[in-house]
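Novice: Handing you a structure now.
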């Protein structure tokens with residue numbers, strides 16, 4: 001139909017790119033301070049703002065500063081592989097860390113270094129709608145009805161988009177459908193796309209600016225948007241996908257970067273993730289979450305929770321099957337529907 005997709009350009013908040021990987025700089029009084037170059041995907045910025053302050057109050061965090069860069073996960077990973085300074089990385093996909101392993105910037109055993117497979121926070125894919133849900137969207141099937149405009153980030157740049165797309169595809173299989181039926185669903189899904197921004201955060205901005213009828217997004221993004229006053233509702237579909245966000249330190253990073261990574265698995269840090277709408281990855285971190293559908297029970301268990309490992313064979317297999325630049329299922333569908341740019 002020749003529809004024009006609106007694209008938001010992610011703004012990378014990079015400070016002092018000329019810093020070396022070790023990040024040493026002169027502090028007041030002539031003491032050496034350590035700067036951690038933190039490079040992350042677009043959504044955890046609010047959580048990290050609080051977590052960094054808490055870390056700086058610990059003995060390991062004394063004298064530590066942060067230089068931050070946020071943007072689409074794939075773009076951020078490629079930037080680091082291309083030379084952008086990074087001591088600590090947090091991406092939305094394991095494959096974006098794997099790229100840095102392949103370029104010898106992250107140790108191959110990065111998962112084992114934490115005891116949590118490197119996953120610092122969880123979420124699930126949800127459907128964000130206008131306040132009052134005027135299109136009466138209750139689940140995935142409603143997204144492909146005529147007249148429903150979908151906003152979702154672009155799988156070519158955004159890790160969030162890949163989670164979203166696999167959740168959309170996977171719900172068909174989980175409901176007893178075939179792979180051909182799942183492909184047919186995705187074709188309708190992308191035909192209904194009216195905005196494919198570069199990152200999950202840009203997709204949220206596009207939606208709250210008035211584009212589309214439904215935003216496919218992270219649960220934590222919907223919660224944080226409501227905390228900031230966005231006039232939206234969100235639905236946790238009956239079939240959805242567990243989002244697992246990995247973090248790692250680079251091989252030449254200062255010890256403070258590893259200390260910061262380890263701090264993320266403490267209860268104070270996980271409580272900050274929880275307050276920003278993420279599902280904690282350690283036991284014993286609970287509490288009310290403002291902006292959730294039910295603040296007292298913020299993270300209901302979906303009827304069917306898909307995982308990358310169990311339902312898609314892991315990110316290596318999923319990446320090749322769905323997102324290969326020439327033969328991926330999603331790549332071909334986007335080309336056929338004119339949504340690849």
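The values are calculated or read from the model by the stated rules, or taken from the named source; none is laboratory data. For clarity, every value in this text was computed on a predicted model and none was experimentally measured. Glycine gets a Cβ as well: all are built from the backbone with ideal geometry, and neighbour counts include every protein chain shown.
Novice: Determine, yes or no, whether residue 309 is at pLDDT 95 or above and crowded, with 20+ Cβ neighbours inside 10 Å.
Specialist: Numbers: at pLDDT 95 or above: yes; crowded, with 20+ Cβ neighbours inside 10 Å: no.
No: the conditions fail for residue 309.
Novice: Would you mind finding the one in 189, 234 that is closer than 27 Å to residue 313 by Cβ and outside the structural domain of residue 99 (by TED's automatic domain parsing)?
Specialist: On the way: 234 fails: closer than 27 Å to residue 313 by Cβ.
Going through 189, 234 in turn, the sole match is 189.
Novice: If you go through region 242-265 one residue at a time, do you hit one that is part of a loop (DSSP other than H, G, I, E, B), in contact with a strand residue (DSSP E or B) (Cβ under 7 Å, 6 or more places away or on another chain) and not assigned by TED's automatic domain parsing to the domain that holds residue 109?
Specialist: no
Novice: Tell me, yes or no, whether region 200-211 has at least one residue that is touching a strand residue (DSSP E or B) at 6+ places or on another chain (Cβ under 8 Å), in the same structural domain as residue 143 (by TED's automatic domain parsing) and more than 24 Å from residue 136 (Cβ to Cβ).
Specialist: Initial filter on region 200-211 (touching a strand residue (DSSP E or B) at 6+ places or on another chain (Cβ under 8 Å)): 200-201, 203-204, 206-208, 211.
Going one step further and asking which of them are in the same structural domain as residue 143 (by TED's automatic domain parsing), we end up with 200-201, 203-204, 206-208, 211.
This time we only want the ones that are more than 24 Å from residue 136 (Cβ to Cβ), so: 200-201.
Yes, that holds for at least one residue.
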